[in-house]
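The structure under discussion appears below in the form of structure tokens.
The values are calculated or read from the model by the stated rules, or taken from the named source; none is laboratory data. This one's a predicted model, so the numbers in the text were calculated from it and none came from an experiment. Please note: Cβ atoms are built from the backbone with ideal geometry, for glycine as well, and neighbour counts cover all protein chains shown. We work out accessible area using only protein heavy atoms, side chains counted, and drop any ligands, DNA or RNA first. Shrake-Rupley method; radii C 1.70, N 1.55, O 1.52, S 1.80 Å.
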Amino acid sequence: MRTYFLGLAVALSVTPDVFAARSTGTSPESEGTDTTPLVDSKEVSPPGLVALPGGKTIVGADPDDLEEILQPPALHGFARSLDGETPQFDVRLPPFFIGKYEVTNEQYIVFVKATGVRPPEHWGQAAISAAQAEFGRKEAEKAKAALEEGGRYERRKWTDQLKEKWWTENWQEAEWSIPEGQERVPVSFVDYRSATAYADWAGLRLPTEAEWEHAARGAEKQPFPWGDEWEATGHAHTNELRRGALMPIASFPSGASPYGILDMAGSVWEWTSSPYDPHPRFKPNKYKVKATGGKKKPPLEPTPRWDTNMRVMKGGSFQNELIAARVSTRRPSNRDQTAAAVGFRLASSALPARDAGVTVYRDVISSSPVRSNGEKFDFDAAVGIDRWTTSDVEGKAPEGYAVIEGYERIVLVPRYELELASGGAINRASRVAPVLFGYLSTTVPFAEPKLAPGNYLIAYREAGTILTAGESAEEDVEGEGGEAPEVTDDTPLELLSPAQRLLRQIELQENLIIFMEAETGEYVASMKTSKIVDIKDKKSVPNGIQFEQKTVWVGETVRDKVQEVHD
């Protein structure tokens, strides 16, 4: 087993005992302290992923190039799809990571066993074949019974829809496993939701369409990962090979992209997170083509059928001709689509735990009752630590290949902006209602404050009695303001709102950082802190806030016990 962190040392300022709590729930002095080394995210990639520098990339296709492709009459029917690749445009991307290979069966099965989700249907082919035979037998019996009664029964056929329905309803009672010898074949029959769920579980995400094209051809216009060569024998697993089954990853090293990424042409269609929208400045094109026999034909004027509910697939597959394996090809797909030629690869942002922060916002924070004023959050300013555990793989594995066994992380995402002019204004506002500063998501328990794994909104409250909204607006640089009666209501806590309960549960005469359960807004814990003061040098931190002191653990590993106090 291999375990390592990607993160920044500053992430430990979240709390003193972050990873000491993982195994023992005690302070760093305990024998069970986690000794995992901290590794800067610039020094190592997430398991199985390759670091890409970002920068300029070319997305889409040029209409002139597509017109040349469309000349054979047999391809005229592809005009609508091809036109959706236009226009070609430049985009600049920040650094990111992307999977060197497509996700395989042996990688995906760890996720299936850990979460109890439905396995891909081809893993249960023996059970499905038995169900098909039983279905046919029952249909034959119905037809025979109808004939004996002088009637007629129209026998139903075993369709792909019936097969998928049966597997969805019966996989938990059926036997299933990876087909023998296909451990390192790309996983298939995975819909968009399942691919996204795997990515979330693994602490990663799906690539965007622009990231995918950047990984496939960099800043060049080449139509294929390996260059301009149309005859791609030995470069990709497309239908030209006439091989009706998937092959293991890395079977075509000569088809590598400029960054060494493999199998980006052919093999399986790969999900991206991008909706099927028109490219910037899109306008329909006219394509001059000839009919069979070279006769003149009216220009093709296709109109792509945009649908933001669909997601873009990339790369073509073993079932498609090479024309579908061009870098710019866009296949709009329903998110519930599964097929023998549909799989995915993974990606990650360069910032530690940023993707986890986005996922938590999407699934939890965006609908939290505490986020009552539509507060926005700055994902690019997130501070975090990622940790992956990988397993030793059997046999000779391709370079950089890894099987993720588990993922842990801590991420702190700050609020994007606070529309208050000064530290004094923030202090006063916090005594009306705690001021939301950001959210914390952790998969490991905290020792101080004592937090179980979960998602927490973080707010600040200055010490003092409760103020009304009008009183908080009074000029009061030191935050003393007018006073209102302290909360003394004897109403049982369970009958109060989360906000009322919070004020009954905290110490009003302490400056506090407050942690609330993100989904319910319930008070969980608090930490004493210093009062907010104005930043002296606003040019260096134009939109920042500052507490008078903070105490952090510093050192090369989380075992270190050294503390430093900073202004």
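Table for the structure above
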quantity	calculated
Calculated on alpha-carbon atoms, Rg and Dmax of the range 33-84 in Å	22.2, 69
Other-chain or far-sequence residues with amide H under 5 Å of Val190's (modelled H)	Ala339, Val342
Among 427-434, 57-64, the order from most to least packed when residues are scored by Cβ within 10 Å on average	427-434, 57-64
Rough spin-label spacing in nm, given labels placed 7 Å along Cα→Cβ, for Met527 and Ala74	6.6
Reciprocal mean inverse distance between Cα atoms of the range 101-164 - Kirkwood radius, Å	14.6
Distance histogram in 10 Å bins (all Cα pairs of the range 314-423, percent per bin)	10, 25, 27, 26, 9, 3, 0
Radius 11 Å from Cβ of Ser430, net charge of other residues (Lys, Arg +1; Asp, Glu -1)	+3
Set of the range 338-359 residues, backbone N closer than 19 Å to the point 7 Å along the Cα-Cβ line of Ala397	344-348
Heavy atoms of Val39: accessible area, 1.4 Å probe, square angstrom to 10	30
Environment charge at Arg156 (Cβ cut-off 11 Å; Lys +1, Arg +1, Asp -1, Glu -1)	+2
Net charge of Cβ neighbours under 12 Å - reference Asn334; Lys, Arg +1; Asp, Glu -1	+1
³J(HN,Hα) computed for each position of the range 257-262 - Karplus, 6.51 cos²θ - 1.76 cosθ + 1.60, integer Hz, glycine/proline x	6, x, 9, x, 7, 10
In sequence order, calculated HN-Hα J values of the range 332-341 (Karplus, 6.51, -1.76, 1.60; Hz; x Gly/Pro)	x, 9, 4, 5, 9, 6, 10, 6, 5, 10
Cross-link pairs beyond the 30 Å C-alpha cut-off, checked among Lys113/Lys396; Lys221/Lys396; Lys157/Lys314; Lys165/Lys283; Lys42/Lys531	Lys221/Lys396; Lys157/Lys314; Lys165/Lys283; Lys42/Lys531
Neighbour-limited loop hits for trypsin sites (Lys or Arg not before Pro), the range 271-304 (at most 10 other Cβ within 10 Å; DSSP other than H, G, I, E, B)	Arg281, Lys295
Distance (nanometres) between label positions extended 7 Å along Cα→Cβ at Asn309 and Ala219	4.1
Kirkwood-based shape ratio for the range 199-283, expressed as Rg/Rh from alpha carbons	1.00
Reachable lysines from Lys528, criterion Cα separation under 29 angstrom, eight or more residues apart if same chain	Lys376, Lys450, Lys536, Lys538, Lys539, Lys550, Lys561
Listed peptides 252-263, 298-309 by packing density, highest first (mean Cβ within 10 Å)	252-263, 298-309
Filtered GluC sites (Glu not before Pro), the range 129-207: DSSP coil and at most 15 other beta carbons within 10 Å	Glu149, Glu154, Glu173, Glu175, Glu180
Placed amide H near Lys531: partners under 5 Å, 5+ positions off or other chain	Glu548
The range 69-208: translational diffusion in µm²/s, Stokes-Einstein, Kirkwood Rh over Cα pairs, 4 °C, 1.567 mPa s	67
All-pairs alpha carbon distance profile, the range 246-313, 5 Å steps from 0, percent	3, 13, 12, 12, 12, 14, 17, 13, 4, 0
DSSP-assigned coil residues among GluC sites (Glu not before Pro) in the range 369-417, each with at most 13 further Cβ atoms within 10 Å	Glu394, Glu399, Glu417
3J(HN,Hα) from dihedral phi, the range 157-166, Karplus parametrisation 6.51/-1.76/1.60, rounded to Hz, x for glycine, proline	9, 7, 9, 4, 5, 5, 4, 5, 5, 4
Distance from the range 107-186 to the range 63-91 (C-alpha centre basis), Å	39
The range 139-266: translational diffusion in µm²/s, Stokes-Einstein, Kirkwood Rh over Cα pairs, 4 °C, 1.567 mPa s	68
Value in Å of the Kirkwood radius, where the range 196-339 supplies the Cα pairs that are averaged	16.7
